[in-house]
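Let me give you the structure first, and then I'll get to my questions.
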Amino acid sequence: ITDYRSKNIGLFERSKTRPIQHQEFLNSDATRKRYWARSFLAWPYISSAAPNYNHYKLSFLQNKGYLKHIITQNVDFLHCKAGSSNVTELHGCLNRIKCLSCGVKRCRFEFQLELSYLNSNWLYKSTEMQVAPDGDVNVEDINFKDFKVPNCRNCNGILQPGVVFFGDNVSSDVVNETVNVLEKSDSVLVLGSSLQVC
Ligand SMILES: [Zn+2]
């Protein structure tokens, strides 16, 4: 799964596609259809991604007691797949979805089955896809209007992937948990991040 900013290979250098903004998702039914249709096409790729050497090495170090806690901006569940525990996902995880009204959560795999049932004519769309780090896929030549997206079974609210979109805030609970973990740490190992916000 590629990232956004890596030189030559990050999404921002390879494509003019930009990640969805939180307000866009909230304000437009058409945008939500487009997002979920693209997410539907990308899910087999995203969900079958496997941890790499570094994920497994961190899990190994954690099992040996050298690492207590992992804090990640990634939303791909790969640290957990590699066997790590005590993982704080700052930006959430694509493995679940949430209702924006009542907050109920659902498993993304189960939601994919429901989307497949409602959109069986979409199962064989283009496989020439460029999958983005947030589980989006770059396909522009498809009419998204016909894609059916169910609402929450509990309250009929809008369903969103369980991640923090650009333009939204990390929840205060997650921020507090992160600060708490950092304050208890005597050292921090940083991998793959400049730790700068731009
Ligand atoms: Zn709901």
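If you plug each phi of region 27-41 into the Karplus form 6.51 cos²θ - 1.76 cosθ + 1.60 with θ = phi - 60°, what whole-Hz ³J(HN,Hα) values come out, in order, with x for Gly and Pro?
My calculation for region 27-41 gives 8, 9, 4, 5, 5, 5, 4, 5, 4, 5, 5, 5, 5, 4, 5 Hz in order.
Hey, another quick one. Any chance you could run the full-extension gain for residue 26 through residue 176? It's 0.36 nm times the residue separation minus the Cα-Cα distance, nm to one decimal.
The span from residue 26 to residue 176 would gain 51.4 nm if fully extended.
If you plug each phi of region 80-88 into the Karplus form 6.51 cos²θ - 1.76 cosθ + 1.60 with θ = phi - 60°, what whole-Hz ³J(HN,Hα) values come out, in order, with x for Gly and Pro?
Karplus values, whole Hz, x for Gly and Pro: 5, 4, 7, x, 6, 10, 6, 10, 9.
Restricting attention to region 41-108, which trypsin sites (Lys or Arg not before Pro) occupy a DSSP loop and are surrounded by at most 10 other Cβ atoms within 10 Å?
Those satisfying the criteria are 64.
Taking the beta-carbon count within 10 Å as an exposure proxy, list 45, 35, 117 from fewest neighbours to most.
117, 45, 35
In whole Å, what is the distance between the alpha-carbon centres of region 65-101 and region 163-187?
Distance between centres, Cα-based: 12 Å.
Something else now. Label residue 52 and residue 120 with points 7 Å out from Cα along Cα→Cβ: what is the distance between them in nm?
About 4.0 nm separates the two model spin labels.
FYI, it's all coordinate maths here, none of it is from the lab. Worth saying up front: this structure is predicted, and the values here are computed from it rather than measured. We place every Cβ from the backbone using ideal geometry, glycine too, and count neighbours over all the protein chains shown.
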